[in-house]
Amino acid sequence: MRSLHMRRRGHNVARRSLRLESASPLLLLILLWPALTLHAQDADQQALAQKVQQLTDAIARTQSQLEESQRQLDEMRRQLDALRLQMQQGTPAATATTTPAPSTNATSSSSSAIDEIRERQAMQEAQIATHEQTKVESVSKYPVKITGLLLLNGFANSGAVDMPATPTATLPGGGTTGASVRQTILGFDARGPHVFGAQSSADLRIDFDGSPSSTITSSTYDNSNATLLRLRTAHVRLQWNHTEAYFSLDRPIINPDSPSSLTAVAEPALAWSGNLYSWNPQLGVTRDVDLPGGHALRLQAALIDPGDAPASAAAASGGNTSSIQPTATESSRYPGLEARVALVGSRTDDDSNHIGFGSYFSPHLSSIGRSFDSWAGTLDARVHLPIKLEMTGSFYRGLGLGGLGGDAYKDYVYSEKSDGSYYFRALNDVGGWAELKRRFGQRFEANAALGIDNVFAGDLRRYTYTGAPLYLDLARNRTFTGNVIYSPSAYLLFSIEYRRLNSWQLSGPSAGANITGLAVGYKF
């Protein structure tokens, strides 16, 4: 019995020993856990301290660089002040024993450098002050910016023109002289939220060159500067990295550029003389495909609702100004289509070189029930040349382009037969424009441009008659223009411009006018 009791006791001792041996790793882990935790915390604190030290070193280096830049600016300012003082006193720039007096060219160069530095400093101060201002608040709480151009234009026309302040065609008669502020522009720019992974934005431009309605009396419309607001352009965009979707009121995508001018703003430079500028509603998409060397292939397509040309709109209304008549495109019940393919030097620089090919097609149903298809093929380009020259231009060949700003103010012509039906002809058209620009620094530029719009005389001849209205009888418009634009500051603009405008009527005499314009503008 004792032997059996001893064996049982030994078995229990063995079992307790086995339990202790199996529990020993757990006990060891419990005993060592505080030490392990402290070690991990020390490692994290060391890593954090290392990052803090790196940031501190980076801030110290940046502070040192800023101090060095400030020291250099202070030294340059002292040298410029000393040089200016010496120039005012008429003393040599250095001691007579070491350096000869500066030449006239050197003095002029130093004065220009001083003016340039002052201009940059003033511009930077204005930009800083702008950022510190309270921004316009919108209902959406996203930022909205008000922009604009207050523009005063003076004009002197040697011959009769269709619109004295903004002429686009000439006719026989005496000249005019005057001034206008109707080309002033007011704009709104807004940035919105990210939608579908794209940045949303919008902008709007209006001017004061709208035509007064027939209900305005002499008491409310008694001078050339009392007029109505007019919607010029508008855009709403969704911008991805390489793609843009938008709807807009703007020039057609087949004519992406426009000549530079401060005296031709309400009617852009070379309007109705080869510049297809007309602002029309569009819905489109642009896709940029990256190419080697930083270039890009730009693919564009849009739906467009082109309006009627002035002569076509007058024919459609029949003199009835009490209601809005549908355009020929709207009457056809089909939108117009336009597309453009371009090779651009840089997809992020709008001023880079490019060459593009475009096409346009739009069904029309005229007010007399005759249908026709308007179409065009286009070529546009911008090329930067040596000695800071820049050549820009656009050319087209098409049919029924009055709604885009061509075809001598009309899409078609017609005459009535004895049985009440009509002879009808949509007009073929060819034209374009080119501009040569020369920049002199950031504040001065000179521009020279030539544009022409030419309707085929064979299409027009059988439908005209002696004494026909100007636009109906007009076969060709040609404009040469040259201007200089000077901007002494970031916001103030001055310009003087000369234009030679010629218009040829098929059944009447041709007419020309020399147009001299002055412009003073303030951007905000």
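The values are calculated or read from the model by the stated rules, or taken from the named source; none is laboratory data. Bear in mind that the values here come from a model prediction, so they are computed numbers and not experimental data. All Cβ positions, glycine included, derive from the backbone under ideal geometry; neighbour counts span all protein chains shown. Accessible surface is based on the protein model in full, side chains and every heavy atom, while ligands, DNA and RNA are left aside. Shrake-Rupley method; radii C 1.70, N 1.55, O 1.52, S 1.80 Å.
Give me the accessible area per residue for the stretch 258-299, probe 1.4 Å, as a whole number in Å². Don't skip to the answer; put the middle values down first.
On the way: 1460 Å² over 42 residues.
About 35 Å² of surface per residue is accessible.
Give me the compactness ratio for the stretch 263-389, meaning the Cα radius of gyration over 2.2 N^0.38 Å. Kindly include the intermediate steps, with their values, before the conclusion.
Working: Rg = 18.3 Å, N = 127, 2.2 N^0.38 = 13.9 Å.
Taking N as the residue count of the stretch 263-389, the ratio is 1.32.
Relative to the present Cα-Cα distance, how much length would full extension add between ARG287 and PHE444 at 0.36 nm per residue of separation? Each step should come with its number before you reach the end.
Details: separation 157, 0.36 × 157 = 56.52 nm, distance 3.43 nm.
That works out to 53.1 nm of additional length.
Per residue, what volume in Å³ does the convex hull of the Cα atoms of the stretch 382-524 enclose? Before the final figure, lay out each step's value.
Values: hull volume 20.2 nm³, N = 143.
Once divided by residue count, the hull of the stretch 382-524 is 141 Å³.
With every protein chain left in place and a probe of 1.4 Å, what is the accessible surface of ARG439, to the nearest 10 Å²?
90 Å²
For the stretch 336-466, with equal point scatterers placed on the C-alpha atoms only and solvent neglected, what are the log10 I(q)/I(0) values from the Debye formula at q = 0.11 1/Å, to two decimals?
-0.54
How compact is the stretch 404-452 by the rule of thumb for globular proteins, expressed as Cα Rg over 2.2 N^0.38 Å? Kindly include the intermediate steps, with their values, before the conclusion.
Numbers: Rg = 20.4 Å, N = 49, 2.2 N^0.38 = 9.7 Å.
Scaled against compact globular proteins, the figure is 2.11.
How far, in nm, would the chain grow between ASN353 and ALA301 when pulled straight, counting 0.36 nm per residue and subtracting the alpha carbon separation?
Residue separation times 0.36 nm, minus the Cα-Cα distance, leaves 16.7 nm.
Run the 1.4 Å probe and let me know the accessible area of SER371, rounded to the nearest 10 Å².
Ignoring ligands and nucleic acids, SER371 comes out at about 90 Å².
Of the heavy-atom accessible surface of the stretch 349-507 (probe 1.4 angstrom), what whole percent is carbon and sulfur? All intermediate terms of the calculation are to be shown ahead of the outcome.
Working: 4230 of 7110 Å².
Here it works out to 59 percent.
Put ASP453, ASP57 in order of accessible area, largest first, 1.4 Å probe: what do you get? Please report the intermediate quantities before stating the final value.
Details: ASP453 0, ASP57 65 Å².
Largest accessible area first, the residues go ASP57, ASP453.
Going by accessible area, probe 1.4 Å, with all protein chains left in place, what is the ranking of LEU229, LEU83, largest first?
Of LEU229, LEU83, the descending order of accessible area is LEU229, LEU83.
Sorting ARG333, ARG84, ARG61 by accessible area (1.4 Å probe), largest first, what list results?
Ranking ARG333, ARG84, ARG61 by accessible area, largest first, yields ARG333, ARG61, ARG84.
Tell me, what is the FRET efficiency for ILE146 and PHE480 to the nearest 0.05, using R0 = 35 angstrom and their Cβ-Cβ distance as r? Before the final figure, lay out each step's value.
Details: r = 36 Å, r/R0 = 1.04.
In this case the efficiency is close to 0.45.
Under a Cβ-Cβ cut-off of 14 Å, what is the net charge of the residues other than GLU416 that fall near it, where Lys and Arg count +1 and Asp and Glu count -1?
Working: positive: ARG370, LYS417, ARG425, ARG462; negative: ASP419.
Here the charged neighbours net out to +3.
Quick one: what do you get for the stretch 146-206 if you divide its Cα Rg by 2.2 N^0.38 Å?
Numbers: Rg = 19.2 Å, N = 61, 2.2 N^0.38 = 10.5 Å.
Rg over 2.2 N^0.38 Å, computed on Cα atoms: 1.83.
Can you compute the charge dipole magnitude of the stretch 345-495 about its Cα centre, using +1 on each Lys and Arg Cβ and -1 on each Asp and Glu Cβ, nothing else charged? Give it in debye, rounded to the nearest 20.
For this selection, approximately 320 debye.
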